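Enquirer: Questions regarding the structure given below will be posed in turn.
Please treat every number below as a calculation from the coordinates, not as lab data. Model, not experiment: these values are computed from the prediction. Ideal geometry is used to build each Cβ from the backbone, glycine not excepted, and the neighbour counts take in all protein chains shown.
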Amino acid sequence: MVIKTNGYRRHENKQWVHNQIMRYKKRLGFGANTAPIILMTGFTSQKQLKGLYTLSHAFVLPTRGKG
């Protein structure tokens with residue numbers, strides 16, 4: 001799984017997001033033998049995004065809040 005995020009607040013950096021995911025996996029009872037998670041933070045060029053979208057099987061755009 002590839003997660004592309006910039007975070008929403010100043011403290012929500014790559015390490016913070018990674019820790020949140022690991023805590024969530026632990027709470028759900030998932031161990032180390034799950035699919036790898038690749039975090040992409042910061043700037044991503046149009047060429048990199050095109051490659052990512054092209055190689056993807058699904059695209060999910062979650063939002064916080066309505067609208």
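Enquirer: State which residue pairs qualify: first residue among the polar types (S, T, N, Q) and inside the range 44-67, second residue surrounded by 10 or more Cβ atoms within 10 Å (Cβ to Cβ) and assigned to a loop (DSSP other than H, G, I, E, B) in any location, beta carbons under 7 Å apart, and separation of 6 or more residues or different chains.
Expert: Taking only residues 6 or more apart or on different chains, not a single pair turns up.
Enquirer: Among the residues of the range 24-47, is there at least one that is basic (Lys, Arg), within 12 Å of the chain's Cα centre (by Cα), assigned to a helix (DSSP H, G or I) and surrounded by 10 or more Cβ atoms within 10 Å (Cβ to Cβ)?
Expert: No, that holds for no residue.
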